[in-house]
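The values are calculated or read from the model by the stated rules, or taken from the named source; none is laboratory data. As the structure is a prediction and not an experimental result, all values here were calculated from the model. Neighbour counts run over all protein chains shown; Cβ positions are idealised from the backbone, glycine included. Just so you know, the surface numbers come from the protein's heavy atoms only, side chains and all, with ligands and any DNA or RNA stripped out. Shrake-Rupley method; radii C 1.70, N 1.55, O 1.52, S 1.80 Å.
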Amino acid sequence: MHNDPHLPVFASDALAAPGGLLRDKLALLLDSTGEGIYGIDLEGLCTFINRAGADMLGYAPAEVLGRNMHDLVHHSHEHGGHYPEADCPILKAFRKGESCRVDQEVFWRADGSFFPTEYSSYQIIDGGQVRGAVITFSDISKRRQAEEQLQRAKAELEVRVAERTRELSAALRQVRQLSAHAHSVREDERTRIAREIHDELGSLLVALKLDVNWMAKRVTDLEPVARKCDAMSRLIETAVDNVGRIITDLRPSILDHQGLIAALEWQVQEFSEATELPCEVEFDIAPEAFPPDGAKATAAFRIFQEMLSNVARHANATRVRIAVHLSPSELRMEVEDDGVGAPRAALEAATSYGVMGMRERALHFGGALSIAGARLAPESGRPGTLVCLRLPSHGGREAA
């Protein structure tokens, strides 16, 4: 027997060769690794252990030999509960002729402390029969600490992200409320300006036209003056038409007096006349459905205006399909063209104010705006664009 305290200790000389050459080489090999290595027989008794393993467990190698390793180092769970030998993965595995690898358990030291360990068990087979097992193990305390630190950092990050998300959500709600308020103020201002133009400038132009007509009747014998009065009358009529157009652009009176559906029909007619594009128009209004009114009607009308305006300005289309469907629960408006389309990046860009404005208006009233490729005239070879607005109508009238 060798007495070198730095070499692994064996329970017998069964592995020794003449001159101890094989034993010495095996001892050097086992001591060259930082992992703990020990062997057990079919009864679970230790047959050998290397120096690293003995040091990790806090024993001298000779103290471990011949002892039941489960009872010595694997007798309890991390929280102190008894670990029955029948449940030990090491013993169960090699007795069934299998191997195992475990990294969620602990080994106990001689001083009663424990350390998290990762261990593997492999059978020792001699003459075709299982004679025992070799177990390699390592102390993974640092890895476990790193994992716990990582988990704590992840939990802290999740808390911070959740807090930041709540702050951003609150800020987004405030921005949307501000945007909705700005739209409301803008519409009120447009209504006020339209009313003042109609009441003040409109009445002045009518009075001026009456005065010119009065003058014209009294200068019929003065041809140059009569011609000038006639020209002035035509200019006044042009100004009246322009004022009417400006008032309509600011706030179509039909929206206030006849409601959303009539305003949409009027807008379609204006679009068709202005662009001279062939339009396939469908208005499907359920008899029991009430169209939105008040601020929601204004939002729907402005979004519809923007949808048609984008077709006129950007689509380069040859055909347009316009559909308005109103049910007791939802208002759906679709504008589809066979034009050049728009890349998704352009639609989602920070400078796409028109698209952002439509989406924000829709979101404020619980709706949604979607933009996709069109199905209209696929033979054109162009992608086209389909813009769809959905707004809940809640089956009743909204307070203005």
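Shape annotation for segment 252-349: C-alpha extents along the principal axes are 38, 30, 23 Å, from largest to smallest.
Would you please classify the overall shape of segment 115-209 from the alpha carbon gyration tensor, given that a ≥ b ≥ c denote the square roots of the eigenvalues, rounded means a/c under 1.5, and beyond that prolate means a/b larger than b/c while oblate covers the rest? The shape class here is prolate. Simple spin-label estimate for HIS257 and GLU85 gives 10.1 nm between the two label positions (7 Å along the Cα-to-Cβ direction from each Cα). Less than 5 angstrom separates the built amide H of GLY132 from those of ILE124, all sequence-distant by 5 or more or on a different chain. Accessible-area rank, largest first, for ARG332, ARG302, ARG313: ARG313, ARG332, ARG302, with all protein chains present and a 1.4 angstrom probe. Shown are ILE193, ILE90, whose ranking by accessible area with a 1.4 Å probe and every protein chain present, most to least, is ILE193, ILE90. Segment 254-317 and segment 81-112 have their alpha-carbon centroids 75 Å apart. The C-alpha atoms of the chain define a longest principal axis, and helix 353-364 lies at about 80 degrees to it. Only helices enter this figure: runs of n ≥ 4 DSSP H residues, each worth -39500 (n - 2.57), summed and divided by the residues of the chain, yield -15500 deg cm²/dmol at 222 nm to the nearest 500. Among ARG109, ARG234, ARG144, the order of accessible area from largest down is ARG234, ARG109, ARG144, computed with a 1.4 Å probe on protein heavy atoms. Relative to the longest principal axis of the Cα atoms of the chain, the long axis of helix 260-275 makes an angle of roughly 80 degrees. Computed from the Cβ-Cβ distance with R0 of 60 Å, the FRET efficiency linking GLU330 to ARG131 stands at 0.20.
Evaluated over segment 117-229, the count of Lys pairs having alpha-carbon atoms less than 21 Å apart is 4 (only pairs 8 or more residues apart or interchain). Simple spin-label estimate for ASP241 and ASP103 gives 8.3 nm between the two label positions (7 Å along the Cα-to-Cβ direction from each Cα). Against the main long axis of the alpha-carbon atoms of the chain, helix 294-310 sits at an angle near 90°.
Solvent exposure of ASP256, expressed as accessible area, is near 90 Å², computed with a probe of 1.4 Å over the protein chains only. Using a Cα-Cα cut-off of under 12 Å, which aspartates and glutamates could be cross-linked to LYS92, ignoring same-chain neighbours fewer than 8 residues away? Leaving aside aspartates and glutamates fewer than 8 places away in the same chain, those within reach of LYS92 are GLU43.
Sparsely packed loop sites in segment 58-131 (the GluC sites (Glu not before Pro) outside DSSP H, G, I, E and B with at most 14 other Cβ atoms within 10 Å) comprise GLU78, GLU98.
The relative contact order of segment 32-146, computed from alpha carbon pairs under 8 Å that lie at least 6 residues apart in sequence, is 26 percent.
Just so you know, the averaged projected area of the alpha carbon convex hull for the chain sits at 38.8 nm².
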